[in-house]
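Reviewing the structure listed below.
The values are calculated or read from the model by the stated rules, or taken from the named source; none is laboratory data. Please read these numbers as outputs of a predicted model, since none were measured by experiment. For neighbour counting, all protein chains shown are included, and Cβ atoms are generated from backbone atoms with ideal geometry for every residue, glycine included. The protein model used for the area step is the full one, side chains on, heavy atoms only, and it has no ligands, DNA or RNA in it. Shrake-Rupley method; radii C 1.70, N 1.55, O 1.52, S 1.80 Å.
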Amino acid sequence: MSTTSAVSATLVKGGAPSSAAATAKRAARRRTALVWAARVGLAAVVIGGWQAFTTWGIVDPFFFGQPSGIARRLVDLFRNGTEFGSFYANIWTTIQEALAGFALGAVTGVVFGVTLGQSRFLADVLGPYIKMVNAIPRIVLGSIFIVAFGIGVLPKILLAAVLVFFIVFFNAFQGVREVDRNILANAKVLGASQMQITRHVIVPSALTWIIASLHSAFGFAIVGALVGEVLGAQSGLGLVIKTAQNNFDPDGVFATMLVISVIVLGAEWFIGKLEHRLLSWRPPAPSEANSL
């Protein structure tokens, strides 16, 4: 007992654990700084090269715009708005459509994925129909929705929901099929009901697959909203892009695309935080552990 205490005191006094932790933190900070430096450097090379090539006439700015022109157009959009109202209002319209479609598609995708993943009979019956609907081009679905429901918000929400649904559904379905059968058998032996098994075993096991699908699902929700707005709308970023394209304004197109990229990156950051919170029980993967 005394020997163990003496060794522990020596390690604490020598500071070996604390020095190792400090070294790991410094290495993590250096890696983060290096990653951000590489990101900034890559952006500087791309944007600087784009500006230089259009200035020198190697690339025609009439078709590809210029970074300086995009910046000026972006400022103009935020200051003076568009012919369809404030630029902020158009951004909010697209965000609302994407969020509603994302929520609707994610919830229905999880429900159908978990249900069909547990029932081979339902999967065999509904599988061909799901694949048929998934094969329909999304722009055709968008046109059908607009004909059926007009050019309001509802068709954009439905189109965004369809795009999100299939991504989440197939991941949830596969996640349920990948659940360890021994764990399911043990839960049944212990007397767990089907609802308890679904809630405490199947859904937590498939959660990694579901969360992974959400990272790309919101991007598809934005795409669905934008496609619906391009097909027919009274406001929204898709309409702003369509109008800029019709007016041969590449700076306006790229400026609006930049705003969309920022929105998607913000959503990706939020989903990453949500994943970290929901999957905090999961031990880190080797790649995650090495980055700590």
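Please list, ordered by first then second residue, the pairs with beta carbon atoms under 9 Å, 6 or more apart or interchain, first in the stretch 244-258 and touching a residue at least 12 places away in the same chain (Cβ under 8 Å) and farther than 16 Å from Phe78 by Cα, second of a type outside the set (Gly, Ala, Ser) and open to solvent by 90 Å² or more (accessible area, probe 1.4 Å).
Listed by first residue and then by second, the contacts come to Phe248/Phe62; Phe248/Phe63; Pro250/Phe62; Pro250/Phe63; Pro250/Phe64.
Determine if the stretch 222-236 includes at least one residue that is over 30 Å from Phe62 (Cβ atoms), within 17 Å of the chain's Cα centre (by Cα), modelled with pLDDT of 85 or more and not in a loop (DSSP other than H, G, I, E, B).
yes
Can you find, within the stretch 44-85, the residue that is least open to solvent (accessible area, probe 1.4 Å) among those that are charged (D, E, K, R) and in a loop (DSSP other than H, G, I, E, B)?
Asp60
Does Gly85 satisfy the condition of being closer than 20 Å to Asp251 by Cα and either of a type in the set (Asp, Glu) or in contact with a helix residue (DSSP H, G or I) (Cβ under 7 Å, 6 or more places away or on another chain) (or both)?
When the stated conditions are applied, Gly85 does not pass them.
When you check Arg181 against the structure, is it open to solvent by 20 Å² or more (accessible area, probe 1.4 Å), at pLDDT 80 or above and either in the same structural domain as Val164 (by TED's automatic domain parsing) or over 28 Å from Ile260 (Cα atoms) (or both), yes or no?
no
Would you mind stating whether Thr23 is more than 19 Å from Leu265 (Cβ to Cβ) and open to solvent by less than 30 Å² (accessible area, probe 1.4 Å)?
No; evaluated as a whole, the condition is false for this residue.
Looking at (1) modelled with pLDDT under 90; (2) of a type in the set (A, V, I, L, M); (3) open to solvent by less than 70 Å² (accessible area, probe 1.4 Å), which is the one condition that is false for Ala135?
Ala135 satisfies all of (1) modelled with pLDDT under 90; (2) of a type in the set (A, V, I, L, M); (3) open to solvent by less than 70 Å² (accessible area, probe 1.4 Å) except (3).
List the number of the failed condition for Gly69; all other conditions in (1) assigned by TED's automatic domain parsing to the domain that holds Ala244; (2) modelled with pLDDT under 80 hold.
That leaves (2) as the condition not met.
Could you please give the count of residues in the stretch 134-160 that are in a helix (DSSP H, G or I), in contact with a Leu (Cβ under 9 Å, 6 or more places away or on another chain) and touching a residue at least 24 places away in the same chain (Cβ under 8 Å)?
Qualifying residue count for the region: 12.
Consider the stretch 87-123. How many of its residues are at pLDDT below 90, surrounded by fewer than 16 Cβ atoms within 10 Å (Cβ to Cβ) and of a type in the set (S, T, N, Q)?
1
Select, from Phe173, Phe149, Phe165, the only residue that is out of contact with any Gly (no Cβ under 8 Å at 6 or more places or on another chain) and open to solvent by 30 Å² or more (accessible area, probe 1.4 Å).
Of the residues listed, the single one that is out of contact with any Gly (no Cβ under 8 Å at 6 or more places or on another chain) and open to solvent by 30 Å² or more (accessible area, probe 1.4 Å) is Phe149.
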